[in-house]
Amino acid sequence: MLYAVIFLSLGIMFTIIYPATSITSEKESRSWPLLLTTIIDDRQILLGKFVGILRRCLPIWLFLLGHVIIFSLAGYIHPVAVIQIGILVIWIVVFLSGTGLYFSSCFKRTTTAVIMNFTLSAVVWAILPILMALSTQITRDDDFFEAYMDTNPFVHAVVIIEATTTKNQVKIGNYDWISSRRGNIEDSTSWMLTCLALYVSIGAFCGWRAQCRFRRNIF
């Protein structure tokens, strides 16, 4: 579980950085205006940027995926964890790539775009949960807080590894979500797919907004 969290943190960190540098680095080198004068349309540029992000991020994410696959083959982790971790990686990459491309299209400096993508991730997955936890101590209503925490990627990783780590691959444990509403494999996978749809939609929207800004403030 500890290694899964460490590898997940590395994957998130690099996926925050690479998308945010994809456009600003070309603005700083003055090659971005030249790209926009070619016959390649904005959609192709966006797709090319996303493919480039995947190519650069894949080696980092292989640490997490390889960790789960190796221990699954060794019999310590149930094979379903490979699929569920794959779902987790997909929505993290799409979400952070979309937001990173958007910030990269908005700013002229790479440092600014990276800081903004780091800040967004920190707010969504760290600062906001802390503030919500403090507010629940006053309101005593923690249903929304628990449901929100169950969308956190680190919660997903811990819950998946905890439920699927067993020497007997035929058996799989209960998924101990914070909200305690999704215990079996079917409901838990359904929740993971719901988070996938949510984060991918946000990432796709941010990517579309980045595409709309390609020809604004190009210098």
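The values are calculated or read from the model by the stated rules, or taken from the named source; none is laboratory data. Quantities reported herein were computed from a predicted structural model and do not represent experimental measurements. Positions of Cβ are backbone-derived with ideal geometry, glycine not excepted, and every protein chain shown enters the neighbour counts.
Values for this structure:
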item: Whichever residue in the stretch 165-219 is in a loop (DSSP other than H, G, I, E, B) and within 22 Å of TRP32 (Cβ to Cβ) and, among such residues, is modelled with the lowest pLDDT; result: PHE219
item: Filter result for ILE87 (of a type outside the set (Asp, Glu), closer than 22 Å to LEU120 by Cα, touching a Leu at 6+ places or on another chain (Cβ under 7 Å) and surrounded by fewer than 20 Cβ atoms within 10 Å (Cβ to Cβ)); result: yes
item: Residue that is within 30 Å of GLU26 (Cα to Cα), part of a helix (DSSP H, G or I) and either touching a residue at least 40 places away in the same chain (Cβ under 8 Å) or not polar (S, T, N, Q) (or both), where the choices are LEU134, LEU128, LEU96; result: LEU96
item: PHE50 being under 23 Å from THR194 (Cα atoms) and in contact (Cβ under 8 Å) with a residue 40 or more places away in the chain; result: yes
item: Qualifying positions in the stretch 1-33 - among the β-branched types (Val, Ile, Thr) and touching a residue at least 60 places away in the same chain (Cβ under 8 Å); result: VAL5, ILE12, THR15, ILE16, ILE17, THR21, ILE23, THR24
item: Residue check, VAL123 at pLDDT below 90, among the β-branched types (Val, Ile, Thr) and loosely packed, with under 14 Cβ neighbours inside 10 Å; result: no
item: Residues satisfying the stated conditions in the stretch 32-54, i.e. of a type in the set (Ser, Thr, Tyr) and within 15 Å of ARG216 (Cα to Cα); result: THR37
item: Some residue of the stretch 34-41 being among the charged types (D, E, K, R), free of Cβ contacts under 8 Å to residues at least 12 places away in the same chain, surrounded by fewer than 18 Cβ atoms within 10 Å (Cβ to Cβ) and out of contact with any strand residue (DSSP E or B) (no Cβ under 6 Å at 6 or more places or on another chain); result: yes
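Matching residues to (1) crowded, with 21+ Cβ neighbours inside 10 Å; (2) free of Cβ contacts under 8 Å to residues at least 24 places away in the same chain; (3) hydrophobic (A, V, I, L, M, F, W, C):
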| site | (1), (2), (3) |
| --- | --- |
| GLY66 | no, yes, no |
| ILE69 | no, yes, yes |
| LEU101 | yes, no, yes |
| PHE118 | no, no, yes |
| ARG140 | no, yes, no |
| PHE144 | no, yes, yes |
| ALA147 | no, no, yes |
| ASN152 | no, no, no |
| HIS156 | yes, no, no |
